[in-house]
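Engineer: I have a structure here, written as structure tokens, and I will follow up with some questions on it.
Rule-based calculations on the coordinates, nothing more; no lab input. The shown structure was predicted, so the numbers you read here are calculated from the model rather than taken from an experiment. All Cβ positions, glycine included, derive from the backbone under ideal geometry; neighbour counts span all protein chains shown.
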Amino acid sequence: MASTSASYFATTAMFLGVCCLSVTHAQTYTSNPGAWRPVAYSDLLFPVGEAESYASLWQDRLDESNKMSAPINPGGPLNMSVAVGNRGAREWHFSINFQTKLVAFSVLSAPYLCTDEYPTPTQGIRIKVCPSRLATFENNRYSVIDGAACFVEKTPDAPAEDSTATVTYAAYDVSSRSVRLRYTVSHQEIDRCAQSVSLHPENALR
């Protein structure tokens, strides 16, 4: 677990209380959760709307990235996320609404936070290993589980390709109660990144 500070729990509670409840009101449940769906992306530079909720989920790690990215400030402490935004920060997420429970899985790409990079079949497309969080909201209680997952990123010199060529997919497996992930880069499956993330591992934090 990356953090157990009071501020970490406060921002996580805000994410689950605001984001998840708003989604709950927006739809009764996620139909056919076992179907593979492309994940959704948020730019966290200056997050607004739904992106603001995911930024709050990651606020402790964003602060960490901002501090390491920030120039030395001789005049005293400076909140870099307010001054210049969360530079280079993006996340992708997949959420499922079970009527009485909402689950959101998010992966954060930000400077200094991703720990590894895998070989890519296509120049201009990076496959990074970045922090992940599985957040669950149920009956006014929440749990957050930290982990790691792949984050596929296109650089400016990436080749032009159709919208189905490089995609991250997620689905919910009912039998194992887990979020399943699969990745394609230029229509090639990246088996090294495929994984299943259980909703009920023994190390869940409550």
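Engineer: List the lysines whose Cα lies under 26 Å from the Cα of LYS67, skipping any in the same chain that are fewer than 8 positions away.
Structural biologist: Of all the lysines, those that pass the test against LYS67 - Cα under 26 Å, at least 8 places apart if same chain - are LYS128, LYS154.
Engineer: Apply 1/(1 + (r/R0)^6) to the Cβ-Cβ distance of SER163 and ASN139, taking R0 = 30 Å, and write down the FRET efficiency to the nearest 0.05.
Structural biologist: The formula returns an efficiency of 0.20 here.
Engineer: Can you tell me how much longer the chain between LYS67 and SER31 gets when fully stretched, taken as 0.36 nm per residue apart minus their C-alpha distance, in nm with one decimal?
Structural biologist: Roughly 8.9 nm would be gained on extension.
Engineer: Just to verify a number: FRET efficiency for HIS187 and ALA40, C-beta to C-beta distance, R0 = 22 Å, to 0.05?
Structural biologist: After rounding to 0.05, the efficiency reads 0.55.
Engineer: Would you please report the Å³ per residue occupied by the convex hull of the alpha carbon atoms in segment 95-146?
Structural biologist: Per-residue hull volume (Cα only) is 97 Å³.
Engineer: Sticking with this one: Can you tell me the FRET efficiency between GLN195 and LYS101 if r is taken as the Cβ-Cβ distance and R0 is 25 Å, rounded to the nearest 0.05? Could you put the intermediate results ahead of the total?
Structural biologist: Numbers: r = 22 Å, r/R0 = 0.86.
Efficiency computed from Cβ-Cβ geometry: 0.70.
Engineer: Let me understand segment 73-194 better: what is its radius of gyration from the alpha carbons, and its Dmax, in angstrom?
Structural biologist: 17.1, 56
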